[in-house]
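A short write-up of the structure that comes next.
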Amino acid sequence: FKTCPGRVLCKVPCSGEKEVDLAVQSAKAAFKIWSQMSGMERCRVMLEAARIIREQRDEIATMETINNGKSIFEARVDIDISWQCLEYYAGLAGSLAGEHIQLPGGSFGYTRREPLGVCVGIGAWNYPFQIACWKSGPALACGNAMVFKPSPFTPISVVRLAEIFTEAGVPKGLFNVVQGGAATGQFLCQHPDVAKISFTGSVPTGMKIMEMASKGIKPVTLELGGKSPLIIFSDADLENAVKGALMANFLTQGEVCCNGTRVFVERKILDTFTKEVVKRTQKIKIGDPLLEDTRMGALINRPHLNRVQGFIKQAKEQGAEVLCGGDLYVPDDPKLKNGYYMRPCVLGNCKDDMTCVKEEIFGPVMAILPFDTEEEVVERANATKFGLAGGVFTRDIQKAHRVVAALKAGMCFINNYNVSPVELPFGGYKFSGFGRENGRAAIEYYSQLKTVCVEMGDVESVF
């Protein structure tokens, strides 16, 4: 692979109904083998997959950078999180168990935690390899098989994950990859032998998947969009808060669902904070994502770049002020002239009813909004249909816990942002979806409980 902005990397055939059925049947056959293995046996295979990813970290990160456009620095972090995820769930695989309940007269009951069967994972284009690991880790640990469909914009790296699982020793077909867009996803969701669907992506697509899954009473996990609040109180460590705001807005070119793009700043420090954020934003190195010092690569494609630019144009029309960035960026390297680059943008003079404040832009655009009181900012922070994440920066730890308790969001940060350890559950409230990725909580969404009641005496009958 070489960096080829604006040019075709490869052509991948879409999987039709026939290919989807072959993938599901293959996974179904592998499930019969994998689900009968002990947790410790599954653990060893998953640890081997994690080891291969760890050893090939740089190679896979390079593939991911070319696949997605993010900086190689970020891609390496993604790959580290990926192998850590598989290690974490490998460790849980051997500990999955039910419970024993003593009943009167020597009778007893017990529960069994059982796998679901063939699970479907549908990934997004912002974290292709990492999302595939986030979904396959708990699925495989619980004894399931998985058929995974990456975004058609980033089809490459997930194929490498499938090869790694095979090299690690999973039964053939346990983790299958199908390629395609909405039609392929529909075939997966409607397949009678699919037991569960986990989707990461947009709210409209999530709604369609939930509707299709309902026809077969299939459980779903939906990790959807966000318009998350980041609240900066005047007593915050200013340096830390500025770094947090940059982390909350400009990772992966701003193409992150949980980004804190509504930055509420207490009025006392509004000017100081804004001046420092603008200064730091203007220093972000944009360009070839494979260069070590690049911190912002290219957006995913031309239509998306145009969409983000449209939001900025509309923001100006509605009265927002572009404090920096927002324009297209053309790197000096002639090989990159057709890339989908833009300068990260900070918007001032924003109001809560502006489109740029209400809608998810999914690009490097930060909106700064002043506030005066804690009660006011909490009410405004929650005045959104989304509820994925939220952040608070303050030295007052009681206030920090009080505010995050009041935020209607599934993932909250105190004095940091966009930190996603695999040990902690990740997911949203309201239109941001339901179900959880990561942590022990994900086990609940990739397994089911069976209750067994054992009578040790004569059956008591009313007949």
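The values are calculated or read from the model by the stated rules, or taken from the named source; none is laboratory data. Bear in mind that the values here come from a model prediction, so they are computed numbers and not experimental data. We place every Cβ from the backbone using ideal geometry, glycine too, and count neighbours over all the protein chains shown. Accessible surface is based on the protein model in full, side chains and every heavy atom, while ligands, DNA and RNA are left aside. Shrake-Rupley method; radii C 1.70, N 1.55, O 1.52, S 1.80 Å.
Determine which member of the set V159, V203, V178, V147 is touching a Phe, Trp or Tyr at 6+ places or on another chain (Cβ under 9 Å) and open to solvent by 10 Å² or more (accessible area, probe 1.4 Å).
V203
Please tell me if E211 is outside the structural domain of M46 (by the TED database) and acidic (D, E).
No, not satisfied.
Can you find a residue that is in contact with a Gly (Cβ under 9 Å, 6 or more places away or on another chain), assigned to a loop (DSSP other than H, G, I, E, B) and either under 30 Å from E99 (Cβ atoms) or of a type in the set (A, V, I, L, M) (or both) anywhere in the stretch 367-384?
no
Output the residues belonging to the stretch 53-87 that are more than 17 Å from the chain's Cα centre (by Cα) and more than 18 Å from W125 (Cα to Cα).
I53, R54, E55, Q56, R57, D58, E59, E87
Assess whether S95 counts as being in a helix (DSSP H, G or I) and within 30 Å of K32 (Cβ to Cβ).
No, not satisfied.
Can you work out which of the residues in the stretch 310-337 that are in a loop (DSSP other than H, G, I, E, B) and out of contact with any strand residue (DSSP E or B) (no Cβ under 8 Å at 6 or more places or on another chain) is most open to solvent (accessible area, probe 1.4 Å)?
So the residue we want is D332.
State all residues of the stretch 196-255 that are touching a Gly at 6+ places or on another chain (Cβ under 8 Å), more than 26 Å from K285 (Cβ to Cβ) and acidic (D, E); if no residue qualifies, say none.
Passing the criteria: only E223.
Which is without any contact (Cβ under 8 Å) to a residue 24 or more places away in the chain, under 29 Å from P192 (Cα atoms), over 19 Å from the mean Cα position of the chain (by Cα) and assigned by the TED database to the domain that holds V159, of A93, A97?
A97
Check the stretch 16-24 and report whether any residue there is under 26 Å from L251 (Cβ atoms) and either among the acidic types (D, E) or within 20 Å of the chain's Cα centre (by Cα) (or both).
Within the stretch 16-24 (the criterion being under 26 Å from L251 (Cβ atoms) and either among the acidic types (D, E) or within 20 Å of the chain's Cα centre (by Cα) (or both)), the answer is no, since none of the residues qualifies.
Which of the following residues is of a type outside the set (A, V, I, L, M, F, W, C) and either touching a Cys at 6+ places or on another chain (Cβ under 8 Å) or not in a loop (DSSP other than H, G, I, E, B) (or both): E276, E292?
E276
List every residue pair whose Cβ atoms lie under 6 Å apart, where the two residues are 6 or more positions apart in sequence or sit on different chains, the first residue falls within the stretch 151-173 and is within 16 Å of A90 (Cβ to Cβ), and the second residue, located anywhere, is among the acidic types (D, E).
Qualifying pairs under 6 Å: A168/E48.
From R395, R402, R436, R440, which residue is open to solvent by 20 Å² or more (accessible area, probe 1.4 Å), closer than 28 Å to K275 by Cα and among the basic types (K, R)?
Step by step, each of R395, R402, R436, R440 is checked, and only R395 is open to solvent by 20 Å² or more (accessible area, probe 1.4 Å), closer than 28 Å to K275 by Cα and among the basic types (K, R).
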